[in-house]
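Inspection log for the structure reproduced underneath, given as structure tokens.
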Amino acid sequence: MTDHSRSATAETPARRELGEDVRRLERPAPEALKHHFTVDVEEYFQVSALEPYAPREKWCEYPSRVEPWTDTLLEMLDETGHSATFFVLGWVAERMPDLVKRIAAGGHEIASHGWGHRRVTELSRDEFRSSVRRSRALLADLVGQDVVGYRAPSFSIVPGLEWTFDILLEEGYTYDSSLLPVRRPGAGYAGIPREAFRITREAGTLLEFPIATWRFMGATIPAGGGAYLRLLPPSLVHAAVGQFERAGSPAMLYIHPWDLDPDQPRFDVPSLTRIRHYGGLARTRARVDRLLREFEFTTIASTLSTHDRGRRRNR
């Protein structure tokens, strides 16, 4: 769970692969700082770790549970007065267009989670382009506004797949939130900044919002949400957000609707997968509620708009 790589301020192969202009975003004024609460809108059976036990050819046979738990998150956000960014899977949006419209009508940002929840490591360049193009077009059509953000399933943009950033830029995306700044099998991009930064590519400049981590005794520990939110002590997650807050940078948190669903159908999986996927489900709602009441959150698009205004004023 830890990463003992060199500081992200050092020159590393990972940083060189991202381009010569890996620069952190300008920090907002302290009183304007808000963090990012994001939701990956997908079904419980679409988790990558469950793929051997819930094959995609059977997805239409499983009972859907994404809509009521997404609505629960919408209610929690409304009660606490926050807006959030929802990375919606194209597969879900195609089947539940009214859910996507309801999210947008609540004042939240719609972004893309790709189409069929296949890891980017399993996709060819043409398949990746098709996924991000198809999902973006559908989501934009449903909500009547541009879709500029993307998050890869399972944070599966890893070193060696930097071409994905070029395709995202070519397909009209402004930012990505797919990088986990640690080493992890099949995911993770160690050696990058923990805070939001710019990636300059031949196709243009893409803004990157890595998932929140906690720095402790030289180690970088994932703490941004999902299983980490369910299984780690709440104090650790709050400490991670506090580190970002003291640094004047927004922390990136994430959750899935199924993270709140303790009664979801269970698959017969190995013990480690069972712990990672089903552990702590009954306590997630209380933990999310505490986060929403302790910190301020806004959409990624709102943060980008604030930074753009600040850059224009400083020119």
Filter region 247-274 for residues that are among the small types (Gly, Ala, Ser) and outside any helix (DSSP H, G or I); the one that is farthest from the chain's Cα centre (by Cα) is Gly248
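Could you check, for region 122-139, whether at least one of its residues is touching a strand residue (DSSP E or B) at 6+ places or on another chain (Cβ under 8 Å), farther than 21 Å from Glu57 by Cβ, without any contact (Cβ under 8 Å) to a residue 40 or more places away in the chain and surrounded by 16 or more Cβ atoms within 10 Å (Cβ to Cβ)? Even if it seems obvious, please write down each step before you answer.
So in region 122-139, the residues touching a strand residue (DSSP E or B) at 6+ places or on another chain (Cβ under 8 Å) come out as 132, 135-136, 139.
Right, trim to farther than 21 Å from Glu57 by Cβ and you get 132, 136, 139.
From what is left, the residues that are without any contact (Cβ under 8 Å) to a residue 40 or more places away in the chain are 136.
Next, from what is left, pick out any that are surrounded by 16 or more Cβ atoms within 10 Å (Cβ to Cβ): 136.
There is at least one residue in region 122-139 that is touching a strand residue (DSSP E or B) at 6+ places or on another chain (Cβ under 8 Å), farther than 21 Å from Glu57 by Cβ, without any contact (Cβ under 8 Å) to a residue 40 or more places away in the chain and surrounded by 16 or more Cβ atoms within 10 Å (Cβ to Cβ).
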Scanning region 214-246 for residues that are under 15 Å from Ala286 (Cα atoms), within 19 Å of the chain's Cα centre (by Cα) and small (Gly, Ala, Ser) gives Gly225, Gly226, Ala227
Is it the case that region 182-205 has a residue that's among the hydrophobic types (A, V, I, L, M, F, W, C), modelled with pLDDT under 95, surrounded by fewer than 17 Cβ atoms within 10 Å (Cβ to Cβ) and at negative phi?
yes
All conditions in (1) modelled with pLDDT of 95 or more; (2) touching a helix residue (DSSP H, G or I) at 6+ places or on another chain (Cβ under 7 Å) are true of Met252 except (2)
Phe267 fails exactly one of (1) surrounded by 21 or more Cβ atoms within 10 Å (Cβ to Cβ); (2) modelled with pLDDT of 95 or more, namely (1)
Among Thr284, Thr273, the single one that is in contact (Cβ under 8 Å) with a residue 60 or more places away in the chain and of a type in the set (S, T, N, Q) is Thr273
Of (1) under 21 Å from His117 (Cα atoms); (2) in contact with a helix residue (DSSP H, G or I) (Cβ under 8 Å, 6 or more places away or on another chain), Ala190 fails just (1)
Counting only residues that are in a loop (DSSP other than H, G, I, E, B), of a type in the set (A, V, I, L, M, F, W, C) and surrounded by fewer than 22 Cβ atoms within 10 Å (Cβ to Cβ), region 146-181 contains a total of 2
Within region 60-92, restricting to residues that are of a type in the set (Asp, Glu) and surrounded by fewer than 17 Cβ atoms within 10 Å (Cβ to Cβ), the one that is farthest from Ile255 (Cα to Cα) is Glu61
With the first residue restricted to region 294-313 and required to be within 16 Å of Met76 (Cβ to Cβ), and the second required to be among the hydrophobic types (A, V, I, L, M, F, W, C) and modelled with pLDDT of 70 or more, Cβ contacts under 6 Å at 6 or more apart or on different chains are Phe295/Val241; Phe297/Phe37
Flagged in region 207-246 as more than 16 Å from Phe295 (Cα to Cα), in contact with a helix residue (DSSP H, G or I) (Cβ under 9 Å, 6 or more places away or on another chain), of a type in the set (Gly, Ala, Ser) and not in a loop (DSSP other than H, G, I, E, B), in numbering order, are Ala227
Those residues of region 293-312 that are buried (at least 20 other Cβ atoms within 10 Å of the Cβ), in a helix (DSSP H, G or I) and either at pLDDT below 95 or out of contact with any Phe, Trp or Tyr (no Cβ under 7 Å at 6 or more places or on another chain) (or both) come to a total of 2
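The values are calculated or read from the model by the stated rules, or taken from the named source; none is laboratory data. Because the structure is a prediction, the values reported are computed rather than measured. Here Cβ is always computed from backbone atoms with ideal geometry, including for glycine, and neighbour counts include all displayed protein chains.
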